[in-house]
Amino acid sequence: MNEQEGKTTMIIATHRLSRRSVLAAGAAGAALLAAPAVVRAQAQPIRLGSLTPLTGAGGAYGPRMRDAIAAVVNEVNAAGGVRGRPLQLVTEDDQTSPEAAVRAARKLIDVDRVAAVMGTWASSVTTAVAPLCWENRVSLFTVSGADSITLLPHQGYIFRTQPNSRLQMRTVAKFAVDEGAQRIAWMGPQTPFAQSSIEEFQQVAQAANRPFTSLIYEADKATYRSEVDQILRARPDFIMFGGYTPDSIVLARDLFRAGYQGKVMAPAYAISARMLEALPHEVTQGAMVYEPWPEVASTAYSRLQRLLGSGVEVDPYTAQTYDHANLAVMALAIGGDGNGLAIKDNVRRISQGGGQSVDNAVDGLKAIVAGQKVDYTGASGPCDFTAEGDITGTKFRYQRVDKGAFQVMKIA
Amino acid sequence: MLAEVAQLLVNGIVTGTLLAVPAIGFTAIFAVLRFPNFAIASHCTIGAFAGYVANVTFGVPAAPALAFAFLVAGLFGLLTDEFVLKPMRPYGALTTAIAAIALTVVLENVVRFAFGNDLRGYDLPIFRDWRFWGIRLGPQQVENMALAVSVMAALFLFLKFSRTGKTMRAVADNPTLAAIKGIDADLVGRIVAFVGMGLAGVGGMLLGLDTSIDPLTGFRVVLSVFAAAVVGGLGSIPGAVVGALVVGVAEELSLLVVEPTYRSAVGFLAILIVLTLRPRGLLGEKAY
């Protein structure tokens, strides 16, 4: 409204001001204000926020995650928007830092008034911005794994497309036992998922009758010599890393120096391409990584691949943020006022429960306008949510490092 | 258990030796200019990155790259002291210390702007550690220690025998007397800002050589550096060395009783104990 008035004043300012023209403009402005909200809403774009890590530990994923969201927004706008209203994407960098993320989220929520914040990556970031989102009735779509996130009192505003860390850890711990691990250790920094990771690993190890030990270290240290000494006293032959790339580099180097010969495993975001570049091959040789793996056979996945440019392998987080955007857009089309509340209330109506199967928002919007029930199947998986906002079930891909390059072991 | 203690002692001595270099810089600046210059944090970082540019971009070996780290960090120290901190000094040590904290945040972000937030490693080979009597020690650690010890030896010789070194000690011991003898306190102040921050730069690079560097490299060690200087006696250069070894060893030995997560608290605890029981530090505040 203020914008409209501002524009009017500006136009007048370019002419010579007369009492009459001011009155006329004022009357026009008043008429505009008095018009029903719907009329004005038609012209107003719906704003969506992308809050991905463009820099920091998640910097390898953030830019493409943002591009995936932008691709959906562009497609939908080209097809006429959401029930006539264009979409506008506002992107911010969370810097993989909770502090920076809160500042960025404040801007997205208070200044840009977005309906949804999409793509938060690190669990600490998501935990930090989540209260801002639910208090301001903005939906939050995240790829973070920490169990604690969906346990927050978020009133339904959080949607998580990443399997939670308990599910991930249980799967990976079983994998470790299958790989023949005899004495298992877990090492990682203090994160929102550290404790649950340790518990899950411990349970699986105990069930398989394997000794288990764990150590939580201080994040962002330049060396972990003493920590490595401490963990090696338990003589593990399988060590699970629980951190991110920066500390995993330091840890892998110190383990190598200490003469550790056993197996190492980490999430793929920790032992990443950047880490393989930063360390000599003999240090990373044999390291294993896992990651929740997108539904590569799905039509949504190939569509996303096409949107982002041929030949690129779409990582799971990018696949998930693509789903975030599609889900948010279709939920907005179901009804409501183009805000976070509308998304919160409607996501499950288009993500699950049967109906016409769709793999993108443009087709979905058409079906919704035609009055059909839709069921979205995304690039990351079926995208069905529990009442808490968690997804149900997903696949994992396991890889092993050989001479500084990843070799796929299996997808299961 | 015995091997464990021995190992932690060795680790502590290595860390302590590296920590001593910036601690000397910090305490020397305090001795002459009479304020805690917390900008030491960003100068550690600047030195580490200057050394990184020399080592990785230009392929200079570690030891000469260290000299480059000294020069660049020293130059930054000289300029920032002249234009930022010196005008603050008439308003008291506390004001200047606060300005130094602000300065360090600004400089840290300058580094961040230029290099980004990513961790970077120096271009050095990685070796398996040596093992003897159940204790392990890395070749890189030994080299770093040797470098740190040489830098410190050079500094002691400079202070002991060179004319400039003697004037620095004179101003630190008794500024009034030094002024009567015609020593230019301003000039000495500039030299100490250059040398002190140069040492911080060397320390930053030494700490990073074994590990990795990022814009927070200096910030992470500043508490330990400050603790080392306080424990040894603020203003005392041999005190800084002793303090650094004490803090280094204490941080490592603390692992026997607490989780590694709480290791940083040891620095605080050391400051608290020393200030309560022996406020002048282990060696008092005589500069040399």
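The values are calculated or read from the model by the stated rules, or taken from the named source; none is laboratory data. Every value quoted in this text rests on a predicted model; they were computed, and no experiment measured them. Every residue, glycine as well, gets a Cβ built from its backbone with ideal geometry; the counts of neighbours run over all protein chains shown. Surface accessibility is based on the protein's heavy atoms, side chains included, excluding ligands, DNA and RNA. Shrake-Rupley method; radii C 1.70, N 1.55, O 1.52, S 1.80 Å.
Observations on the model:
- The set of residues in the range A:138-156 being in contact with a strand residue (DSSP E or B) (Cβ under 8 Å, 6 or more places away or on another chain) and surrounded by fewer than 24 Cβ atoms within 10 Å (Cβ to Cβ) consists of A:Thr150, A:Leu152, A:His154.
- Going through (1) assigned by TED's automatic domain parsing to the domain that holds A:Ala173; (2) in contact with a Leu (Cβ under 9 Å, 6 or more places away or on another chain); (3) open to solvent by 10 Å² or more (accessible area, probe 1.4 Å) one by one, A:Asn339 falls short only on (1).
- If the condition is being part of a helix (DSSP H, G or I), farther than 24 Å from A:Leu341 by Cβ and not hydroxyl-bearing (Ser, Thr, Tyr), then the range A:145-171 contributes A:Asp147, A:Arg166, A:Leu167, A:Gln168, A:Met169, A:Arg170.
- Subset of the range A:74-109 [farther than 22 Å from A:Val125 by Cβ, out of contact with any Lys or Arg (no Cβ under 9 Å at 6 or more places or on another chain) and buried (at least 21 other Cβ atoms within 10 Å of the Cβ)]: A:Val76, A:Val82
- Residues of the range B:125-136 satisfying the condition of being under 28 Å from B:Glu4 (Cβ atoms) and outside any strand (DSSP E or B): B:Ile126, B:Phe127, B:Arg128, B:Asp129, B:Trp133, B:Gly134
- Across the range B:1-37, the qualifying residues are those that are outside any helix (DSSP H, G or I) and not hydrophobic (A, V, I, L, M, F, W, C), and the one among them that is surrounded by the fewest Cβ atoms within 10 Å (Cβ to Cβ) is B:Arg34.
- Cβ-Cβ contacts under 6 Å between residues 6 or more apart (or on different chains), taken from a first residue in the range A:222-240 that is facing chain B (nearest Cβ under 7 Å) to a second residue that is β-branched (Val, Ile, Thr), are listed as A:Ala222/B:Thr211; A:Thr223/B:Thr211.
- Complete set of residues in the range B:100-118 that are open to solvent by less than 40 Å² (accessible area, probe 1.4 Å) and at negative phi: B:Ala100, B:Leu103, B:Thr104, B:Leu107, B:Glu108, B:Val111
- Taking (1) open to solvent by 20 Å² or more (accessible area, probe 1.4 Å); (2) at pLDDT 85 or above; (3) over 17 Å from the mean Cα position of the chain (by Cα) in turn, B:Ala146 satisfies each apart from (3).
- Taken over the range A:253-262, residues that are more than 9 Å from chain B (Cβ to nearest Cβ) and open to solvent by 10 Å² or more (accessible area, probe 1.4 Å) amount to 3.
- Residue in the range B:176-188 that is least open to solvent (accessible area, probe 1.4 Å), counting only those that are part of a helix (DSSP H, G or I) and within 19 Å of B:Glu82 (Cα to Cα): B:Val188
- Taken together, the criteria exclude B:Leu234 from residues that are in a helix (DSSP H, G or I) and surrounded by fewer than 24 Cβ atoms within 10 Å (Cβ to Cβ).
- Here A:Ala205, A:Ala181 are screened, and the one residue that is touching a residue at least 40 places away in the same chain (Cβ under 8 Å) and assigned by TED's automatic domain parsing to the domain that holds A:Tyr260 is A:Ala181.
- Looking only at the range A:172-200, residues that are part of a helix (DSSP H, G or I), polar (S, T, N, Q) and open to solvent by 60 Å² or more (accessible area, probe 1.4 Å) come to 1 in all.
- Of all the residues in the range B:121-143, those that are surrounded by fewer than 16 Cβ atoms within 10 Å (Cβ to Cβ) and either of a type in the set (Asp, Glu) or under 17 Å from the mean Cα position of the chain (by Cα) (or both) number 1.
- Looking only at the range B:1-19, and only at residues there that are within 11 Å of another protein chain (Cβ to nearest Cβ) and of a type in the set (S, T, N, Q), the one that is nearest to B:Ala200 (Cα to Cα): B:Thr15
- Within the range A:280-305, the set of residues being within 14 Å of another protein chain (Cβ to nearest Cβ) and either within 20 Å of A:Gly62 (Cα to Cα) or buried (at least 22 other Cβ atoms within 10 Å of the Cβ) (or both) comprises A:Thr284 only.
- Filtered residue count, the range A:201-221, keeping only those that are part of a helix (DSSP H, G or I) and either at the interface with chain B (Cβ under 7 Å from one of its Cβ atoms) or open to solvent by less than 10 Å² (accessible area, probe 1.4 Å) (or both): 2
- The listed residues are A:Met330, A:Met275, and the only one of them that is over 26 Å from A:Gly49 (Cα atoms), assigned to a helix (DSSP H, G or I) and within 22 Å of the chain's Cα centre (by Cα) turns out to be A:Met275.
- Residue, least open to solvent (accessible area, probe 1.4 Å), within the range B:219-231, restricted to residues that are more than 11 Å from chain A (Cβ to nearest Cβ) and closer than 24 Å to B:Phe68 by Cβ: B:Val225
- Some residue of the range B:187-201 being among the aliphatic types (A, V, I, L, M), more than 14 Å from every other protein chain (Cβ to nearest Cβ), out of contact with any Phe, Trp or Tyr (no Cβ under 9 Å at 6 or more places or on another chain) and free of Cβ contacts under 8 Å to residues at least 24 places away in the same chain: yes
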